[in-house]
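Here, each number is a calculation from the coordinates, and none is a lab measurement. What you see is a predicted model; the values in this text were computed from it and never measured. Reconstructed Cβ throughout: ideal geometry from the backbone, glycine too, with neighbour counts over all protein chains shown.
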Amino acid sequence: MKNDLSERLPEPQHPKEFYISEVRKIMQVRKRGKVPMALVHTYGCQQNVADSEKIKGFLAQMGFSFTEDEEEADFILFNTCAVRGHAENRVFGNVGALKDLKRRHPSLIISLCGCMMEEKQASEHIKQKFPFVNLVFGTHVLHRFPELLWTALTASRRVFERGDEQEDARIVEGLPIHRDGTTRAWLTVMYGCDNFCSYCIVPYVRGRERSREPEAILDEFRSIVADGYKDITLLGQNVNSYGKKLERPINFSQLLRMLDAVDGDYRLRFMTSHPKDATHELIDTMAEGRHICHHLHLPVQAGSNRILKEMNRGYTREKYLALVEYARKKIPDLSLTTDIIVGFPGETYEEFRETVSLVREVGFTSLFTFIYSPREGTRAARLPDPVPYEEKARWLQELCAEQEKISAERCAKEVGKTYRVLVEKQNEKDGLLCGRTDGNVIVLFEGSKELIGNFAEVKITAARNWILRGELIQ
Ligand code: 5AD
Ligand code: SF4
């Protein structure tokens, strides 16, 4: 799985500004003065969304505008996810579908980046099977995108580039960001993961855990608040281990308090919290914060202690439940969400039922559920996995049916409550305004478009499956 360095480019000869202005000039000539257009497809988690915003920042500096229409694109990028096989197959399918477009528009540049491109077999597959792909680069060399694009445009060959050990361990500050929304913003506080959960590919494709300096985060945070974003999410694979390796150590709760002290009308969220590292200090900080949402995404993955151990999660069912109990006591209106893997290798039906009982016991607002997907190179992929996929799919349905019942019971209690909602958009179909509560629940209500980007008080009138309907309180 480790990088093959045989095709590495030499160290860049010029600062990135040189490549940015060269690509801009090349595209101007190619387009005879018309604005070049870029289309960026993003798969996977919020970290990939945040990475795509950086690539778009570079593209904007290089003179590109953005489109959703493949026919008018001069540059198409797929930012890929490697967490599950299904997402990988979709990427191969979607790239394959561009063959005809490339034949009709030979100057179109097709590129892939992201976690999947850090996997040797995946980038090799692209190289062999999709000769019309021009540029492939992994997560560790994202900061060199202008240079890589310049090389793809000027050298008469395809460019494949992945990071080396040093780049794995580095954080490059000061990259441009082209944020997609106007109300929600993502802020990466750390990269990589050291946990090696036995099913997970992330530590292999995103490298070792490394935290940004708090000053750099604070600067970016202040500018996001000043730009008017009102729902800001701090991102990291395991934010609870933030800062442990910094020269001047600082923990995540301290970082949260530092950011929460910035004045402004905004909400602060974070993801993802690993239950083994979530502390009482974190919960207390959430309870006391001025802007910190009462929402905790706390992936449990499984309800059986044997499976948790096999997964190398570092906590037991009892420890998880004790943490939830403490959090609920301190923050009575806490909204809890979680990730669950169904059908880990060797999981029995009885063990799966322990997940269902945990879900019932906690009463999550919502679940993100996945059928186990073997990832080459991980420890779990070598374990015997006797339960057929169809059986696991039935278990998943069973879990979702239980969650629907729980949601219905909890939703019924929402009617009559009033929430402060951040209005994000107007639905095209029914014209209703769509907003989000502090607990990350969607609320639909009638109101004027001018409310978009602002907070509104909304009383809940009906609730189904965590889509709440409400009316504006004047
Ligand atoms: N198979 C299925 N789900 C996985 N996840 C991570 N790796 C796998 C895998 N191999 C899920 C976990 C994680 C979420 C982001 O994706 O639940 O929390
Ligand atoms: Fe993967 Fe576990 Fe790291 Fe999350 S904490 S990214 S599941 S290895």
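Quick notes on this one:
- Within the shell defined by Cβ-Cβ distances under 14 Å, the residues around Ser253 carry a net charge of -2, with Lys and Arg each +1 and Asp and Glu each -1.
- Of all beta bridges that DSSP places with both ends in the chain, some 30 percent have antiparallel geometry.
- Bridging of Lys330 to aspartates and glutamates at a Cα separation below 12 Å is possible for Glu281, Asp284, Glu288, once same-chain residues fewer than 8 apart are set aside.
- Where both bridge residues fall in segment 309-456, DSSP classifies roughly 60% of the beta bridges as antiparallel.
- Segment 295-304 - phi-based ³J(HN,Hα) in whole Hz, Karplus 6.51/-1.76/1.60, Gly and Pro as x: 9, 10, 8, 10, x, 9, 6, 7, x, 9
- Across segment 147-301, the convex hull enclosing all Cα atoms gives 145 Å³ per residue.
- Cα-based convex hull volume of segment 53-97 per residue, rounded to whole Å³: 85 Å³
- Segment 135-256 - charge dipole about Cα centre, Lys and Arg +1 at Cβ, Asp and Glu -1, debye rounded to 20: 220 debye
- DSSP bridge pairs, segment 94-220: antiparallel proportion in percent, nearest 5: 25 percent
- Highest average packing first - 399-411, 259-271, Cβ atoms within 10 Å: 259-271, 399-411
- Highest-first packing order for the peptide set 352-360, 97-105 is 352-360, 97-105, based on the mean count of other beta carbon atoms within 10 Å.
- Across segment 23-119, the volume of the C-alpha convex hull divided among the residues equals 97 Å³ per residue.
- Kyte-Doolittle mean at least -1.0, axial Cα span of 27 Å or more - DSSP H helices of the chain: 389-412
- As a rough guide to protection, the peptides 171-181, 189-199, 33-43 ranked by mean Cβ packing within 10 Å, highest first, stand as 189-199, 33-43, 171-181.
- Relative contact order of the chain, defined on C-alpha pairs under 8 angstrom at six or more residues apart (%): 10 percent
- By the Cβ rule of 4.7 Å, the chain holds the following cysteines without a possible disulfide partner: Cys45, Cys81, Cys113, Cys115, Cys193, Cys293, Cys400, Cys411, Cys434.
- For Asp100, neighbours were defined as the other residues whose beta-carbon sits under 12 Å from its Cβ, and their charges (Lys and Arg +1, Asp and Glu -1) total +2.
- For segment 374-426 and segment 104-168, distance of Cα centres in Å: 35 Å
- For Lys392, the lysines whose Cα comes closer than 25 Å to its Cα, not counting residues fewer than 8 places off in the same chain, are Lys309, Lys405.
- Over the chain, DSSP H runs of length four or greater, each weighted -39,500 (n - 2.57), average out per residue to a 222 nm ellipticity of -10500 deg cm²/dmol.
- All lysines inside 17 Å of Lys16 as judged from Cα atoms, apart from same-chain residues fewer than 8 positions distant: Lys25, Lys54, Lys56
- With eigenvalues of the C-alpha gyration tensor scaled by 5 and rooted, the chain, Å: 37, 28, 23
- Over 28 Å (Cα to Cα) - which of Lys34/Lys99; Lys276/Lys417; Lys120/Lys319 fall in this group: Lys276/Lys417; Lys120/Lys319
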